Amino acid sequence: MPQKDAHLQFEKWARKYGPVYSLMLGTKTMIVLSGDQAIKDLLDKKSAVYSDRPELYIGQTLASGDLRFLMMGYGTQWRAIRKMMHKILNISTARSYVPYQMLENKQMLYQFLQEPDNFLHHIRRYSNALTTTMVFGWRSPTYEDEKMKQHFAGLSEFAVLNQQGTAAILDYFPILRRLPEFMFPTKKKAKVLHQQEKALYLSH
């Protein structure tokens, strides 16, 4: 399994073995789909069978307390959260968010005029403020807002934790999760990150 440009190797294997093939990664079986027809047949036509996600011990269990919806396995909890999200994101409810969108749009456009060189900061502030206002009840008025800094720092650390070899090892060989924490410092870092993010999101 190449650590860099894996998609190129996947393409070579697809030409050799076909559009659907599997790889053994430790104790896990990885299914690779290569080709629009294979993807449509399995992920679209049979989505009820293949909607589940692989277990991500570091990213989901430790760093998210099993609560990060995008990484959550298909099941009772997933269905309950999906139902709740549909209620708060339906068309009628979404209309109540328009004033927040207008406010953040105006501020972003104003900042573009005042500091055009920092356009990326303005876009990040806009997307963050809009989301946190609707979901958690607090906004980021400036890019230097402490909550916003903590939010993006947490996202960066979360990405690093999930890309480390330790995360893959603990996914592919679950028995290693029982080893003492000092042997896998990433486990402690993931738990600390979860507590920090939880405190941030519930701080309002």
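All of the numbers you see were taken from the coordinates with simple rules; none came from a lab. Here the structure is a predicted model, which means the values were calculated and not measured. When we count neighbours, we look across all protein chains shown, and the Cβ atoms used for this are built from the backbone with ideal geometry, even at glycine.
The slack between Trp138 and Glu115, meaning 0.36 nm per residue of separation minus the straight C-alpha distance, is 5.9 nm.
The modelled label-to-label distance for the pair Arg15/Tyr50, using points 7 Å beyond Cα in the direction of Cβ, is 2.3 nm.
Contour minus end-to-end for Phe152 and Asp5, with contour as 0.36 nm per residue of separation and end-to-end as the Cα-Cα distance?
Working: separation 147, 0.36 × 147 = 52.92 nm, distance 2.61 nm.
Length gained between Phe152 and Asp5: 50.3 nm.
Only DSSP H runs of four or more residues enter the estimate; each adds -39500 (n - 2.57), and after division by the residues of the chain the mean residue ellipticity at 222 nm equals -17000 deg cm²/dmol. Projected label points at Lys106 and Ala80, each 7 Å from Cα along the beta carbon direction, are separated by 4.1 nanometres.
Centre-to-centre separation between the Cα atoms of region 100-119 and those of region 16-43: 44 Å. With a simple spin-label model that places each label point 7 Å from the Cα along the Cα-to-Cβ direction, the separation between Leu67 and Thr93 comes to 1.7 nm. Recomputing semi-axes √(5λ) of the Cα gyration tensor in Å from the coordinates shown identifies the correct label among (1) 35, 23, 20; (2) 33, 24, 15; (3) 24, 21, 14 as (1).
Hey, fewest Cβ within 10 Å first, where do Leu89, Leu200, Leu56, Leu25 land in order? So the residues, fewest neighbours to most, are Leu89, Leu25, Leu200, Leu56.
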